[in-house]
Every structure is written in structure tokens, then in C-alpha cells.
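K.L.:
Structure incoming, see below.
The values are calculated or read from the model by the stated rules, or taken from the named source; none is laboratory data. From a predicted model like this one, the values you see are computed outputs, not experimental measurements. All Cβ positions, glycine included, derive from the backbone under ideal geometry; neighbour counts span all protein chains shown.
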Amino acid sequence: MLQFFRKYQKIFFVVITFVIVVSFSFFGTYSTLSSHKEASDSIVTTTVKGEKVSLKEIKLLSYFLDHDYNDDNFPNFFNDQVLQKDVFQTKLAAELAAEFFPFFEEHLKESLIRVKNYQPYRHPKYPFFSAEMIWGQYVPEMMQEITSLQKMDLPNKEALTALSNIYLHETKFPPYLLKAVLLNSQRSQSWMEPDPFLEQKDFHLFGFRKASDWFGKSFIDLVAQVIINVSDMVEKDKMGTSYNEAKADLQKTFVSNLKRKAQINESKLADYYARQLGQIGMNEKQVVTLWQKICNFRKYFNSIQNSVLMDQTMWPCELANYSVEKSFLPSYLQFTSFKQLLEFDLYLKLVSDSKNTLLLPKKFRKLDEIVKRAPELVERTFQVKVKEVTQKSLKASIPTKQMWQWQLENYSDLSEKFIFLTKNLSTRDARFEVIQKLTPKDRSLLDDYTLEQIINNEPDVIAKELENAQPVEMELGISFSSHQNELAGIEDYQKLKKFLLNQKQGSSPIYSDNKKAFYQFEVINASQDDQIMTFERAQKRGVLHNLLEKVLEEKYSSLRTKDPGRFQNEDGKFKSLEEAIEDVGLSYFQDFYAKINKKWMKKGQNPLEFYTSARLADFLEAVRKNSQNWGNLSGLAAQWNIQKETTSLSSKEGLFSYVSDLKENELSETVITSDGPMFFKVLSKTTAIDQDLLDRQRQVLSSELLKKTTQSLVHEIKEKNIAYFDKNDV
């Protein structure tokens, strides 16, 4: 969202600046339109402390609150959204609704009628291009709240709450931004026919332009009276904000709000300030006095929230933090799917002669036995630097002039091969003329053949390109009877194996299998003998995928014969092996998986998920207990060595329960996590205050205190019958 605003910020600034300048110019001149100026100075009520309150005081503050810096018709840059921040996002609005709902009910009834009749904007030709689409990106709750409110039949407190939520959503993503996003999205779609009315469309929800449209003038007047009451209480306690403090804060707020909406000329701030006063129809003293009351109001509720003291005996916020050594499996043994587990157990079955044990083998089958069972798993490894050029890149590197030269010099042989070339032409000019007049298809055939001949007969071309090629260092494993894919231009890897074994130090001669690609090798290191491939390499190279399919294909055939319905789709056709591989694999290893210790299984866990996560739990448990002297393994068994790292566990984390009662240097139980089984050794313990928890608990208490204080204040206003409601507004 920020990237979007940055991208189009110049457009936003131009549009908004225009609106501001026009509104300042117009309303600075016609400030008499402000109805609050007509309010009399007659005393209409008192505060809870007995201070007199005039009608004009209420109306001035009510008008001030009703217009904020986001108001596109009557922007009030002195107001930083007091209603949204201090009334609707706190408990105050809800408490006012609870105590004085009858006074707002009639207006709410009218508001609900407009809500029910409301239809969000949709493009007339492309219905998917809509306000709902944009809300889905920026305020996804908006449409859900609107739909919920439209289903309510009677005006009630719940409806007022729902309306308040929608009002807050629109505050965060105001109408002018919705319109700007729609316009720019429409412009960016060249295929879309523009909506000619989009530019003039009013995007204010339900046609409500200010807070009083949403909730009624009576509600805003009541909020103004609450602020006046609270301000009076603060003043009586000698905690009030001074006039100069309020003025400085007001000016700071004004500049901040103005900068939110437009780029401004700092040297003209005084002019903007004066125009704003003219727009709202007040003088500076009146505005500063109103802001004093708002500052007092905020100071009062902030002091309540900040007054909460946390008693650690009642609200413990201690955070334990243990430094631990974590022992865990290498990443290639952290299985994320049952199919990976099947490949792993097939690997063990092929390379190990252990008798169905859940522990991992330290000894393996003899090499010649594995060559007979699975030759794909026996390889000779070479650490090499490889340079590669393809025939295609070589053809592109040969200059056209060199190609023409070769064609003219070898024209007689070419005319024998290609029937479209005129024979027995002795001069170069005649030959060149024939070649130039060939059809594009014939010319392509001739050129392609020519370039191949140059490459095959002039090795300097290949050598030059290889010399400029960037070498790539890689481990090349060449196995028996397996499909290799490390080098795309190699077809016979056994031939390559013999070639590499015969190489001495330095770069090799140019090597190619099929003239489609050419290589130059520098052997850095080579294994002394053929060796069994590790599980990690076999899995990465896809060897185990192919072996698993071969093994399970026979098993699948047998299962289909015994129980055909189990493997059929709804259309009666058998599932492919890929679709049924987990089910077939489970049957193949059924007796073996039944041995996995049930103590690891979580309640309600899927069996396939259980086997995948718990397959190596017994092995790790054996490592933890060192029951079979599991230390640093060597040779092929080194692939089972567990990994260790020092990390920390805090009492916030679920895994902390496994170490919470341990002493230093003690080992935890083996625990199964999403990263596989692991265990911990406690190295050291520390404790500190959990600041996040402390803040959350303080927030709970301060919210509760704020709610009770607000309830008490609103209830007192009602009990003393000092809330004033203008009969013309109710």
C-alpha cells in the first residue's frame, strides 16, 4: 500500500492541494455559512462540578469536532480526528450509546434506511472492477461490516456499534483515496473502457460526509458536553493546560495535519493559518480555548491509563530465558511429506542389511551387492571445474562474413548436397548471387549446415569460445546404469567417467558426446573408488523417486487385483501410481511402520503425518541416551550425525515446558516438532521482566479502569440531568 501511495503521491498532492486552496478561498470569504455562529450565549446547562455551560460553547465545540483534516468539503486542519481517536476507538462512544440511546434512535433509524439502500460502486461494464475490490485490498473488513449492518431491521445499540466500526474503517481509507485508487487502476488497464461518470462519482459511504451525518447532531453535541465536563474537572484539580500550551500544541497539530494532505510552502504558514480560521468562522482565541478543553480531556484519560501500577505478586510478569544446546536432525532428514519418508526407507532397504530396526545403520551392504540391487546408488564422484559451450551459442558467435566465405569456397560440395543450388558455377559472383536469391527456408537450411561444418572442422572456433566461458565448480557423481542430468549435453556418462579418470592436472581436451555441446574439464579431486551414494544426493538427483516408482509399481499391481475398488476414481478408472503412491507405500512398509513407538503419536493425528514426523524419534532417543555409543560417525554413516546449535528458549515458547524443570547440564526428553524430533541440554538460566506481557496486562487493567471511569462520568451526567439536547436536532 505504501508503494502505491509513493508511486502516485504527486497526483494525490496536486489534487488535494487544489481542493485545499479552493476551499480556503471560498469558505474564507463565505464563513457566514457556518451555522454555529448563530448559536446564542444563553446558559443551557452546567457541568457535573456546577460550572455554567452556554449553547454557543457546545455548538462551537460540536462544529469543531464534526470537521477534521480529512473532510474534503470543510477541512478543519486544527482537528486531528478527536472523535475517531478519543471517542470511537475508546469506551466513550459505547457508554454514551448505552445511557442516552433514545436521543439517537430516530437519527439511527434514518441512517439505517440509507445503509439498506446503499450499493457500492461497480463499473457499469466490468462489475468486478468495484469499490468492493479495492476495499478487499486495503480494508477487507469493510464490506463484511456493511453487509452485516444491512441485515439489521431495528435501530439498536448493536447497529450503532456496527455503524461506528464502518465509520472508523472509512476514516482509515477515506473516500478521496478510494476514488484515486479506482481512477489510477482504471487508467492502468488499457483494455478497459473508462467509466465516464467515475470522475464525478461521490464515494462517501451512504452519502455521509461528516460525523453528524452518521450519528446525528445530538450525539456530537453530547460528546462536546462530555469534553467540557472533563475539562472542567481537570481545571478544578489545578491540572489544566495553559492557554499558551494549548496554542503551541494547536499550531503544531495544524501544520502536521496540513502536511498530511498536501505539499505546503513553509513561508506561507501564517496565511494558511488565517484562512483556516476564516473557513471555520472562528477567531484564534475561540479555537485555542476549544483546544484547551480537548487537551484537558486527553490529559485526564491519559492520566487514568498511566496510573495503573502493576503488583508483581498479583500479576507476575517474569520471563525465564534458558540458554540451551539443541540437538536435531540434518535438514535432509527432516521429512515434510510421507513420500519423502518412503524414499528414505527404500534407500535404507537397498543399502543396509539391518533387520527392520527403527535405528539407523552403521554398516552397509557390500558394493557389488548394491550394484546388483540398485546400480543407480553406486557412483564415482569428481570435483570438477566445467566450461560449457553449446552448438547454438557457437553458431551465433561465427561472423556472417566467415559463413559466406566458407559457402563460396565449398560451393561444389554444397551443390551436391542441396538440390536447390545450381551446379557447375565457377565464379564467386555467380555462386553468391544464387545463394542470395534462395528462399528463407532454403537459406536457413544452408546456413545451419554451414555453421555445423565450420564448428566440426575448425576446432579453433570451439577453443576460442571455451577460453572465454566462465568455469563452474561442481561435484559430478557418475553412477552405474542411471540417468544423469547434471550436464545437458552428455548422453554416455560411463564414457565420460573413463575420460575423467584419465585426466591429469590442468584443463582437459575438448570433450563432446554428440556435437550439441562441448566441454572442458579441470579435475580438482576424484574419489578413489566407486561408493554408495548418500541419501541426500540420491534424493536431490531424483534417483530415489525413480527407484520408488519401480518398486511400488509391482506392489500396486498386486493391490489392484486384491482390492480394485480401493484404487478406483469415481469414473471407475484406476488412479495413477502418483495419485495412489502414499497408500501403496504404506502397504509396502506396513509391517515396518507398525513398529514405530505409539508414545510419539498426538491425539487425532493422521497416521501418515505421524509416521512422517515420528519415524526417526526412536533413533534420536537412542542418541540422547547414547544407548549404542552414537558419537561422531564416519564414512557413509556420517550422514546420520545429528547437528547441534546453541540457542535460547523463553517461557513464552511452547518448547520451554520441556526444559522448565531441568537443572543446568541436564537433558530434556525427545520432543517431536515441525522440524522433526529434537532434544535440549540446559546450559544456563536467566530471568527478566517480560515487558510485552507487562504491557498487555497493564493495557487490560487500564482499559477496565478507563471503562469504569467513563461509565461513572456518563452515568453522573445522566443522573444529574445536565445533558442538553437541542430540540431542533433530536
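K.L.:
Can you pull out the residues in the range 349-376 that are within 20 Å of Glu549 (Cβ to Cβ) and buried (at least 19 other Cβ atoms within 10 Å of the Cβ)? Lay out the reasoning, then the answer.
P.N.:
So in the range 349-376, the residues within 20 Å of Glu549 (Cβ to Cβ) come out as 349-351, 370, 372-376.
Leu350, Val351, Ile370, Ala374, Glu376, listed by residue number.
K.L.:
So Leu616 passes all but one of these: (1) closer than 15 Å to Thr357 by Cα; (2) over 33 Å from the mean Cα position of the chain (by Cα); (3) not basic (Lys, Arg). Which condition number does it fail?
P.N.:
(2)
K.L.:
Would you please name the residue that is farthest from the chain's Cα centre (by Cα), looking only at residues in the range 233-261 that are over 24 Å from Ser303 (Cα atoms) and surrounded by fewer than 19 Cβ atoms within 10 Å (Cβ to Cβ)? Full working, then the answer.
P.N.:
Residues of the range 233-261 over 24 Å from Ser303 (Cα atoms): 254-261.
Narrowing further to those that are surrounded by fewer than 19 Cβ atoms within 10 Å (Cβ to Cβ): 255-256, 259-260.
Values: Val255: 35, Ser256: 31, Lys259: 30, Arg260: 27 Å.
Within the range 233-261, the match that is farthest from the chain's Cα centre (by Cα) is Val255.
K.L.:
Go through (1) out of contact with any helix residue (DSSP H, G or I) (no Cβ under 9 Å at 6 or more places or on another chain); (2) in a loop (DSSP other than H, G, I, E, B) one by one and return the number of the condition Gln494 breaks.
P.N.:
(2)
K.L.:
Then there is this: Which helices (runs of 4 or more DSSP H) does the range 367-462 wholly contain that include 1 or more residues that are closer than 30 Å to Gly542 by Cα? Break it down into steps so the answer makes sense when it comes.
P.N.:
Details: elements: 367-373, 391-397, 400-409, 411-417, 428-436, 440-457.
Fully inside the range 367-462 and qualifying: 367-373, 391-397.
K.L.:
A follow-up question, please. Just a yes or no: is a residue in the range 687-708 surrounded by 17 or more Cβ atoms within 10 Å (Cβ to Cβ), of a type in the set (Val, Ile, Thr) and out of contact with any helix residue (DSSP H, G or I) (no Cβ under 7 Å at 6 or more places or on another chain)?
P.N.:
Scanning the range 687-708 turns up no residue that is surrounded by 17 or more Cβ atoms within 10 Å (Cβ to Cβ), of a type in the set (Val, Ile, Thr) and out of contact with any helix residue (DSSP H, G or I) (no Cβ under 7 Å at 6 or more places or on another chain).
K.L.:
OK, next. Can you name the residue in the range 377-394 that is surrounded by 14 or more Cβ atoms within 10 Å (Cβ to Cβ) and of a type in the set (S, T, N, Q) and, of all such residues, is nearest to Thr534 (Cα to Cα)?
P.N.:
Applying the first criterion (surrounded by 14 or more Cβ atoms within 10 Å (Cβ to Cβ)) to the range 377-394 yields 377-391, 394.
Among the residues that remain, those that are also of a type in the set (S, T, N, Q) are: 381, 383, 390-391.
Numbers: Thr381: 12, Gln383: 16, Thr390: 31, Gln391: 34 Å.
Looking at residues that are surrounded by 14 or more Cβ atoms within 10 Å (Cβ to Cβ) and of a type in the set (S, T, N, Q), I get Thr381.
K.L.:
Are any residues in the range 405-430 within 28 Å of Gly489 (Cβ to Cβ) and of a type in the set (Phe, Trp, Tyr), and if so, which ones?
P.N.:
Trp406, Phe418 - these are the residues of the range 405-430 that are within 28 Å of Gly489 (Cβ to Cβ) and of a type in the set (Phe, Trp, Tyr).
K.L.:
Okay, next question. Restricting to the range 406-457, and then to whatever is of a type in the set (Lys, Arg) and in contact with a Leu (Cβ under 7 Å, 6 or more places away or on another chain), can you tell me which residue is surrounded by the most Cβ atoms within 10 Å (Cβ to Cβ)? Before you say what the answer is, go through the steps one by one.
P.N.:
Kept after step one, since they are of a type in the set (Lys, Arg), are these residues of the range 406-457: 417, 423, 428, 431, 437, 441, 443.
Subset that is in contact with a Leu (Cβ under 7 Å, 6 or more places away or on another chain): 428, 431.
Values: Arg428: 13, Arg431: 21.
Per the criteria, the residue is Arg431.
K.L.:
If we scan the range 570-577, do we find a residue that is farther than 22 Å from Gly676 by Cα and part of a helix (DSSP H, G or I)? Can you show your working first?
P.N.:
Taking the range 570-577 first, the residues farther than 22 Å from Gly676 by Cα are 570-577.
Going one step further and asking which of them are part of a helix (DSSP H, G or I), we end up with 577.
Checking the range 570-577: at least one residue is farther than 22 Å from Gly676 by Cα and part of a helix (DSSP H, G or I).
K.L.:
Oh, and also: Before we move on, is Ile113 touching a helix residue (DSSP H, G or I) at 6+ places or on another chain (Cβ under 6 Å), more than 30 Å from Val700 (Cβ to Cβ) and either in contact (Cβ under 8 Å) with a residue 40 or more places away in the chain or part of a helix (DSSP H, G or I) (or both)?
P.N.:
Criteria not met by Ile113.
K.L.:
When you scan the range 504-515, how many residues do you find that are at pLDDT 85 or above and either within 44 Å of the chain's Cα centre (by Cα) or in a loop (DSSP other than H, G, I, E, B) (or both)?
P.N.:
The total comes to 4.
Okay, residues lined up against (1) over 30 Å from Pro127 (Cα atoms); (2) β-branched (Val, Ile, Thr):
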{"site": "Leu160", "(1), (2)": "yes, no"}
{"site": "Ser190", "(1), (2)": "no, no"}
{"site": "Phe203", "(1), (2)": "no, no"}
{"site": "Lys210", "(1), (2)": "no, no"}
{"site": "Phe219", "(1), (2)": "yes, no"}
{"site": "Val226", "(1), (2)": "yes, yes"}
{"site": "Lys238", "(1), (2)": "yes, no"}
{"site": "Lys247", "(1), (2)": "yes, no"}
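K.L.:
Now for a separate question. What number goes with the only condition from (1) buried (at least 19 other Cβ atoms within 10 Å of the Cβ); (2) not assigned by TED's automatic domain parsing to the domain that holds Ser587 that Gly506 does not pass?
P.N.:
It is condition (1) that Gly506 fails.
K.L.:
Scan the range 517-572 for residues that are of a type in the set (D, E, K, R), crowded, with 17+ Cβ neighbours inside 10 Å and farther than 30 Å from Ser393 by Cβ and jot them down. It would help to see each step written out before you state the result.
P.N.:
Filtering the range 517-572 down to residues of a type in the set (D, E, K, R) leaves 522, 529-530, 536-537, 540-541, 549-550, 553-555, 560, 562-563, 566, 570-571.
Remaining after also requiring crowded, with 17+ Cβ neighbours inside 10 Å: 530, 537, 541, 560.
Correct list: Asp530, Arg560.
K.L.:
For the range 182-223, which residues satisfy the criterion of being within 25 Å of His107 (Cβ to Cβ), touching a helix residue (DSSP H, G or I) at 6+ places or on another chain (Cβ under 7 Å) and part of a loop (DSSP other than H, G, I, E, B)?
P.N.:
Phe203, His204, Phe208, Lys210, Gly216
K.L.:
Test each condition in (1) assigned to a strand (DSSP E or B); (2) at pLDDT 90 or above for Thr289 and report the one that comes out false.
P.N.:
If we test Thr289 against (1) assigned to a strand (DSSP E or B); (2) at pLDDT 90 or above, just (1) comes out false.
K.L.:
Hey, does the range 533-545 have a residue that's over 28 Å from Phe679 (Cα atoms), modelled with pLDDT of 90 or more and out of contact with any helix residue (DSSP H, G or I) (no Cβ under 6 Å at 6 or more places or on another chain)?
P.N.:
The answer is yes; a qualifying residue exists.
K.L.:
Would you mind stating whether Phe656 is assigned by TED's automatic domain parsing to the domain that holds Val551 and either more than 28 Å from Gln531 (Cβ to Cβ) or not aliphatic (A, V, I, L, M) (or both)? Explain how you work it out, then say what you get.
P.N.:
On the way: assigned by TED's automatic domain parsing to the domain that holds Val551: no; either more than 28 Å from Gln531 (Cβ to Cβ) or not aliphatic (A, V, I, L, M) (or both): yes.
So Phe656 does not fit the description; no.
K.L.:
Of (1) in contact (Cβ under 8 Å) with a residue 60 or more places away in the chain; (2) out of contact with any Leu (no Cβ under 6 Å at 6 or more places or on another chain); (3) surrounded by fewer than 16 Cβ atoms within 10 Å (Cβ to Cβ), Glu578 satisfies all except one. Which?
P.N.:
Exception for Glu578: condition (1).
Here is a yes/no grid of residues against (1) over 27 Å from Val87 (Cβ atoms); (2) touching a residue at least 60 places away in the same chain (Cβ under 8 Å); (3) part of a helix (DSSP H, G or I); (4) not assigned by TED's automatic domain parsing to the domain that holds Ala211:
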position	(1), (2), (3), (4)
Pro127	yes, no, no, no
Ile146	no, no, yes, no
Leu149	no, no, yes, no
Leu154	no, no, no, no
Leu160	no, yes, yes, no
Ile166	no, no, yes, no
Ala180	yes, yes, yes, no
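K.L.:
Now a separate question. Which one is farthest from Phe610 (Cα to Cα), of the residues in the range 303-347 that are at pLDDT below 75 and of a type in the set (Asp, Glu)?
P.N.:
So in the range 303-347, the residues at pLDDT below 75 come out as 305-318.
Still in the list and also of a type in the set (Asp, Glu): 311, 318.
Details: Asp311: 45, Glu318: 35 Å.
Looking at residues that are at pLDDT below 75 and of a type in the set (Asp, Glu), I get Asp311.
K.L.:
In this structure, does Leu360 turn out to be at pLDDT 90 or above, closer than 28 Å to Asn632 by Cα and within 43 Å of the chain's Cα centre (by Cα)? Spell out how you get there, then give the answer.
P.N.:
On the way: at pLDDT 90 or above: yes; closer than 28 Å to Asn632 by Cα: yes; within 43 Å of the chain's Cα centre (by Cα): yes.
Criteria met by Leu360.
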